[in-house]
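What follows is a set of notes on a single structure, which appears directly below.
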Amino acid sequence: MVGCSAPLIGVVAGIANCFVDTLRFCGAAVLTTMAVGCSVVTPQTAALRTDWPRGVALTAEVADVPFYPQQGKWCGPASLASMLNHAAIQATPDSLADQVFAPGLGGSLQVEMVAAARRAGTVAYTLRPHFADLLREVAAGHPVLVLQDNGFGLISAWHYAIVVGYDYAAGELFLRSGHTHRLTMPFTLFEASWRRGNYWSMVVLPPDVMPATANEEDMLVALLAMAHSFAVQQALAPQSTAKRNPVVIGLQAFLARWPANELGNAALANVHYAQQELSAAEGALRMALRHLPHSIVLRNNLAQILVELYRCKEAQREIDQLPASVNAHGRFGADIADTRRNIAAQENAGRCLAAINQ
Amino acid sequence: MKSRTMNVLSRLLIVSTLALPFHSANAGMIGTTSIASQADTSNQRSIVTAALNRSQTVNALSAYGITPMSAEARVASMTDAEVATLAGRIQAAPAGADGGIIALILVVFLIWLVVQRR
């Protein structure tokens, strides 16, 4: 296990076997336990009473989330299809089953739910394990896919459902779940089941829509994972991208909010570069260098792109701006040396544009 | 900034051979993953680990009734960090033993029913 922090740890655990029918009798068990002490079983619900998240409406509902009644143990494919449809991606439980359902496990793994959402061209963003974050997303109009354990004691009954709304005054959440289009569930009962899955949840959004609870680091992780998935798919089965590249859209939205993120800027230029869009890559790097004038990576990559555009003089100017100290044994010393060699090679081969054109 | 970048990278660890295709494109261009990845030695180790994890996970998924091609496509869309957690998990956890769980639930349910009727 790699030393990764909160959200990705949540992306790990179990299989959801879609046990919806156990709900009723485990509800009874939970209610009994609650009489004993609800702050033990449902600490976050208890905390909401005194500490309602600031700026979040007390009632909200995303009514237009499509619903696919679950067939067999297909709560994973069914709920993911709903989420993707709401993000304007065509999908059905049948079309997703081959990506997220494991017959031998009788369920769907969380990681596969995340990966499949990515493959479909959406950004899968795992929320922090906080009720406040879930509510904030729903209030912003983003349905939230949750993993519940509707069993009790040592018995697990994993299930995926979608939180589409809540009414705090009534103490209820509204879910697309199993065979029920609009399941009403008390906050306490929901938390008891959600808690057993380590409060795991995610939003699935079009790349130009930022999650309401997005933070810089987690968002970049989600986008780079998407870039990785996209690149692999392109390598396995190249497709002409008639539509705009979702990774580019996502990274641009990210940089609109966090313009000085070096890795995000480098990634955007690299995605353009991988698609052989050299001018777009150049534009992205020039924009980035305005925010990060001392970035070695960004300037080196700009120089390399300029070489490939036969603008050797310009390339040389960029690479000469790097401080001498980073050239020899710095972290990217070898890359910078390569770029210098490429400039020289281009010049020796007489492939450079006349300086007047640069 | 630097430590944050490292953090992001260590969480992604997309350094497998399946990584972004432009890595091999042109020397001189610094790839996204190498910006994020750490010192060379740990890098090489993680490449090996990542590749192993991927093939292990593909095999594990295949054992659960997924065609090898589909399993490969599924794993390809995951980050190395995700694959790493999954690889260990599938082996360690008897997650698929749902038949047993259903039987247990039924037993508990029956006991509960009997208790209720009295």
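Worth pointing out:
- Being surrounded by 24 or more Cβ atoms within 10 Å (Cβ to Cβ) and not in a strand (DSSP E or B) is a description that applies to A:Ala78.
- Taken as a whole, the structure leaves A:Ala97 outside the set of residues that are in a loop (DSSP other than H, G, I, E, B), within 23 Å of the chain's Cα centre (by Cα) and over 21 Å from A:His130 (Cα atoms).
- Unmet criterion (only one of (1) surrounded by fewer than 23 Cβ atoms within 10 Å (Cβ to Cβ); (2) modelled with pLDDT under 80; (3) touching a helix residue (DSSP H, G or I) at 6+ places or on another chain (Cβ under 6 Å); (4) facing chain A (nearest Cβ under 7 Å)) for B:Gly96: (3)
- Condition check for A:Asn215: on the phi > 0 side of the Ramachandran plot and either in contact with a Lys or Arg (Cβ under 7 Å, 6 or more places away or on another chain) or surrounded by fewer than 24 Cβ atoms within 10 Å (Cβ to Cβ) (or both): no
- Screening segment A:104-141 for residues that are assigned to a loop (DSSP other than H, G, I, E, B) and either under 26 Å from A:Thr42 (Cα atoms) or in contact with a Lys or Arg (Cβ under 6 Å, 6 or more places away or on another chain) (or both) and picking the one that is farthest from the other protein chains (Cβ to nearest Cβ) gives A:Gly141.
- Of the residues making up segment A:239-262, just one is within 26 Å of B:Met69 (Cβ to Cβ), outside any helix (DSSP H, G or I) and either among the β-branched types (Val, Ile, Thr) or within 10 Å of another protein chain (Cβ to nearest Cβ) (or both), namely A:Thr241.
- Conditions (1) surrounded by 15 or more Cβ atoms within 10 Å (Cβ to Cβ); (2) modelled with pLDDT of 90 or more: number failed by A:Ile15: (2)
- Meets criteria (within 12 Å of another protein chain (Cβ to nearest Cβ) and either closer than 19 Å to B:Ser34 by Cβ or surrounded by 15 or more Cβ atoms within 10 Å (Cβ to Cβ) (or both)) for A:Ala334: yes
- Cβ-Cβ contacts under 7 Å between residues 6 or more apart (or on different chains), taken from a first residue in segment A:48-72 that is in contact (Cβ under 8 Å) with a residue 40 or more places away in the chain and part of a loop (DSSP other than H, G, I, E, B) to a second residue that is surrounded by 13 or more Cβ atoms within 10 Å (Cβ to Cβ) and basic (Lys, Arg), are listed as A:Pro53/A:Arg136; A:Val56/A:Arg136; A:Val65/A:Arg176; A:Phe67/A:Arg176.
- Where A:Pro206 falls short, out of the listed (1) within 17 Å of A:Leu84 (Cα to Cα); (2) surrounded by 18 or more Cβ atoms within 10 Å (Cβ to Cβ): (2)
- Residues in segment A:263-317 that are in a helix (DSSP H, G or I) and among the polar types (S, T, N, Q): A:Asn265, A:Asn270, A:Ser279, A:Asn300, A:Asn301, A:Gln304, A:Gln316.
- Test: A:Leu224 is touching a residue at least 12 places away in the same chain (Cβ under 8 Å), within 14 Å of chain B (Cβ to nearest Cβ) and buried (at least 24 other Cβ atoms within 10 Å of the Cβ): yes
- Being surrounded by fewer than 23 Cβ atoms within 10 Å (Cβ to Cβ) and under 30 Å from A:Cys312 (Cβ atoms) is a property that holds for A:Leu255.
- Of all the numbered requirements in (1) surrounded by fewer than 23 Cβ atoms within 10 Å (Cβ to Cβ); (2) more than 16 Å from A:Leu220 (Cβ to Cβ); (3) free of Cβ contacts under 8 Å to residues at least 24 places away in the same chain; (4) not acidic (Asp, Glu), A:Ser279 misses one, and that requirement is (3).
- Which listed residue, of A:Leu189, A:Leu173, is in a helix (DSSP H, G or I), away from chain B (no Cβ under 14 Å) and buried (at least 22 other Cβ atoms within 10 Å of the Cβ): A:Leu189
- The condition of being touching a Gly at 6+ places or on another chain (Cβ under 7 Å), within 14 Å of chain B (Cβ to nearest Cβ), part of a loop (DSSP other than H, G, I, E, B) and more than 17 Å from A:Tyr199 (Cα to Cα) does not hold for A:Leu154.
- Residue that is farthest from the other protein chains (Cβ to nearest Cβ) [pool: residues in segment A:157-166 that are in a strand (DSSP E or B) and buried (at least 24 other Cβ atoms within 10 Å of the Cβ)]: A:Tyr166
The values are calculated or read from the model by the stated rules, or taken from the named source; none is laboratory data. Keep in mind it's a predicted model, so treat the numbers as computed, not measured. Quick reminder, even Gly has a Cβ in these numbers, built from the backbone with ideal geometry, and neighbours come from all protein chains shown.
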